[in-house]
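Okay, structure first, notes after.
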Amino acid sequence: MQNQQENKHTCEGTAGTPSQEPPSPQKLRCFRDILGIVLSLSDEEWRTLTSDVPNEGTKLQFACLCTKIITSVCKSAIQSYLPTLICMLGMEAVLRAEEKLEKKAESASMSSSTSTGPSPKHSAER
């Protein structure tokens, strides 16, 4: 029981989000993909991966850490490139692209919660 509480505490705010607000669908997909890779490692691969880590932790903790790192790197890249894109493309083009991404994310989360709704691809094309 203590190990489950430890894992829950370690993964609070998966992908760098505060535990009060749910993580975005993109962060959840990222975490799910990383967790799948980590869980598929053989015992030998896991030992090799964690051989130089002083506090190796669990595979779940490792997946949480990797998700936080990837999220942080992505945010930094976006913050670095966004001003350049705004200068090159103009603010209106960037805002239109942002709107399209938000609509696509909303329709993807809606379609994942209801199996009868339109697919994200068709919603994004409208």
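The values are calculated or read from the model by the stated rules, or taken from the named source; none is laboratory data. Small disclaimer: the values here were computed from a predicted structure and weren't measured. Note that we place each Cβ from the backbone using ideal geometry, even for glycine, and neighbour counts take in every protein chain shown. Accessible surface areas use protein heavy atoms only, side chains included; no ligands, DNA or RNA. Shrake-Rupley method; radii C 1.70, N 1.55, O 1.52, S 1.80 Å.
Working only within the range 44-68, note down all residues that are out of contact with any Ser or Thr (no Cβ under 9 Å at 6 or more places or on another chain) and open to solvent by 90 Å² or more (accessible area, probe 1.4 Å). Walk me through it before giving the result.
Our first condition is that a residue be out of contact with any Ser or Thr (no Cβ under 9 Å at 6 or more places or on another chain); within the range 44-68, this holds for 44-55, 59, 66.
Across the range 44-68, the qualifying residues are 44, 45, 47, 48, 52, 54, 55.
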If we scan the range 83-93, do we find a residue that is within 22 Å of the chain's Cα centre (by Cα) and either surrounded by fewer than 14 Cβ atoms within 10 Å (Cβ to Cβ) or assigned to a helix (DSSP H, G or I) (or both)? no
Out of the range 25-58, which residues are within 25 Å of residue 102 (Cα to Cα) and among the polar types (S, T, N, Q)? 26
